[in-house]
Amino acid sequence: RAKKSRRGSFVFFSAEMGSDIRERVRLLQSLRSAVESERLFIVYQPQVDLVSGAVTGMEALIRWRNEDGTFVPPDRFIPLAEASGMIVAIGDWVLRMACHELVRLQGMGLGEVRMSVNVSQIQFRHPEFLEKLNSALLDTRISPSCLELEITESVAMEDAEFMLETLHGVRQLGISIAIDDFGTGYSSLSQLRQLPIDRLKIDRAFVSELGGDVLGGHIASMVIELGRNLQLKVIAEGIETPEQAARLKDLGCHEGQGYFYAKPMTSSLLKEWLLARGAFASI
Ligand code: C2E
Ligand code: MG
Ligand code: MG
Ligand code: MG
């Protein structure tokens, strides 16, 4: 009897596992063909100064549209692209596209705004990462001070010596660095202090706690305080309400990003949005 049930559960488990693997293989194959047939594109989400309301930058976010018009969210395909190594080529493409976009917008009269690009751990660890970064700068002629890389806490904390070297290399190119989703990982504060970084990005989870409730938002206010002490800029992601924006401003947060200001937009919608806000000096 015991044998039977054990066998039964084994069969059940392997069937589940098989379908999971099949699903991953299928998704990976369609990601390959999406790359080949250029069904990946980039959307841009503005970042604003919480005090003046001025546009300070934008984050490039990748999108994948299927032939049938449905979207595969990055949270689903980025891990797969990482596991298969495809993220190196995809990430390089995102970087170049984003740089071109900013150069194009600046050519139209957009001032000193920043382009933030997410960089995966796999990309960051690639031996040619700094070279690729440098050639993207040279090829697109973006001003390095307008480029920012977003990495997560785990990237920054793991294998500290190697990471430190790469982070310094990025900084030497004149590019700035933000720690994305800050507060969700396990940063050691003493390590954080030694990192050559420019900005902390408060994770959306801690922003959503901020509302009418005066008791919420402990973590957001701690991150802002930490930024003040370490002389790092702080930006909040996922701001959805005017109350959240106001609380963050009162707490001394510098910048914000979220649906309250704008959703991520295609290149042409972004241009419209910037035009409507009078962000272009010469138009
Ligand atoms: P992330 O870098 O933390 O990006 C913020 C996510 O929050 C984005 O999701 C954005 O669309 C979403 N968001 C922004 N404002 C709001 C808001 O007010 N409310 C809510 N509910 N969500 C908001 P998205 O575009 O689905 O991207 C998810 C994650 O996928 C990103 O998180 C990032 O880790 C990764 N990702 C996206 N594009 C790239 C890329 O080009 N390269 C790499 N390596 N990762 C990327
Ligand atoms: Mg990000
Ligand atoms: Mg984030
Ligand atoms: Mg996030």
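The values are calculated or read from the model by the stated rules, or taken from the named source; none is laboratory data. Small disclaimer: the values here were computed from a predicted structure and weren't measured. With ideal geometry, Cβ positions are generated from the backbone for all residues, glycine too; neighbour counts draw on all protein chains shown. Just so you know, the surface numbers come from the protein's heavy atoms only, side chains and all, with ligands and any DNA or RNA stripped out. Shrake-Rupley method; radii C 1.70, N 1.55, O 1.52, S 1.80 Å.
If you line up the long axis of helix 218-230 against the longest principal axis of the chain, both from Cα atoms, how many degrees apart are they, to the nearest 10?
The angle comes out near 60 degrees.
Viscosity 0.692 mPa s, temperature 37 °C: what is the translational diffusion coefficient of the range 108-253 from Stokes-Einstein with a Kirkwood Rh over Cα pairs, rounded to a whole number of µm²/s?
203
Looking at the chain, what % of its DSSP beta bridges pair antiparallel, to the nearest 5?
DSSP beta bridges in the chain are roughly 40 percent antiparallel.
Let me make sure I get this right: for the range 82-180, a, b and c are the square roots of the gyration tensor eigenvalues over alpha carbons, sorted descending. Under 1.5 in a/c it's rounded, otherwise prolate if a/b > b/c, else oblate. Which is it?
prolate
Quick one: pull the percent of accessible area on the chain belonging to carbon and sulfur, 1.4 Å probe, ligands and nucleic acids left out.
With neighbouring chains kept in place, the figure for the chain is 54 percent.
Compute the acute angle (0 to 90°) between the alpha-carbon long axis of helix 87-107 and the principal axis of greatest extent of the alpha-carbon atoms of the chain; round to the nearest 10°.
Here the helix axis deviates by roughly 20 degrees.
Once you order the gyration tensor axes a ≥ b ≥ c over the Cα atoms, which shape class does the range 168-259 get: rounded for a/c under 1.5, otherwise prolate or oblate by comparing a/b with b/c? The partial results should precede the final answer.
Values: a/c = 2.26, a/b = 1.79, b/c = 1.26.
Taking the square roots of the gyration eigenvalues as a ≥ b ≥ c, the range 168-259 is prolate.
Determine, for the chain, the count of lysine pairs separated by eight or more sequence positions (or lying on different chains) whose alpha-carbon distance falls under 18 Å.
On the way: LYS201/LYS233; LYS201/LYS249; LYS201/LYS263; LYS233/LYS249; LYS263/LYS271.
For the chain, the number of qualifying lysine pairs is 5.
Roughly how many Å² is the accessible area per residue of the range 146-283, as a whole number, for a 1.4 Å probe? Can you show the working numbers first?
Working: 6770 Å² over 138 residues.
Value returned for the range 146-283: 49 Å² of accessible area per residue.
Among DSSP beta bridges lying fully in the range 27-167, give the percent that are antiparallel, nearest 5. Write down the numbers at each step before the final one.
On the way: 11 of 19 bridges.
Counting DSSP beta bridges with both partners in the range 27-167, the antiparallel share is about 60 percent.
Report, to one decimal in Å, the Kirkwood hydrodynamic radius for the chain based on all distinct Cα pairs.
20.5 Å is the Kirkwood radius here.
Give me the angle, in degrees from 0 to 90, between the Cα long axis of helix 74-84 and the longest principal axis of the Cα atoms of the chain, rounded to the nearest 10.
Roughly 60 degrees between the two axes.
To the nearest 20 Debye, how big is the dipole of the range 111-229 about its Cα centre, given +1 on the beta carbon of each Lys and Arg and -1 on that of each Asp and Glu?
Working: 10 positive and 18 negative charges, 58 e Å.
Approximately 280 debye in magnitude.
Going by Cα centres, the range 218-283 and the range 34-100 are how many Å apart?
Result: 19 Å between the Cα centres.
Which value in deg cm²/dmol, rounded to the nearest 500, describes the helix-derived mean residue ellipticity at 222 nm for the chain, given -39,500 (n - 2.57) per DSSP H run of n ≥ 4 and division by the residue count?
-16000 deg cm²/dmol
Does the range 28-68 classify as rounded, prolate or oblate by the C-alpha gyration tensor (a ≥ b ≥ c root eigenvalues; a/c under 1.5 gives rounded; else a/b over b/c gives prolate, otherwise oblate)?
The shape class here is prolate.
Mind checking which of ILE179, ILE21, ILE224 has the largest fluctuation in a GNM of the chain, springs on alpha carbons under 10 Å?
Maximum fluctuation in the GNM of the chain, among the listed residues, is at ILE21.
Quote the relative contact order of the range 111-175 in percent (integer), defining contacts as alpha-carbon pairs under 8 Å separated by 6+ residues. Display every interim value, and only then the final one.
Values: 48 pairs, mean separation 28.6, N = 65.
Relative CO of the range 111-175 lands at 44 percent.
Relative to the Cα centre, what is the charge dipole magnitude of the chain, using +1 at the beta carbon of each Lys and Arg, -1 at the beta carbon of each Asp and Glu, and rounding to the nearest 20 debye?
Result for the chain is approximately 900 debye, rounded to the nearest 20.
Work out, step by step, the length gained on full extension between GLU67 and ALA246: first 0.36 nm times the residue separation, then minus their alpha carbon distance; give nm to one decimal.
Result: 60.3 nm gained on full extension.
Test of understanding: in a Gaussian network model of the chain with alpha carbons linked when under 10 Å, which of MET86, MET108, MET58 would top the mean-square fluctuation ranking?
MET108
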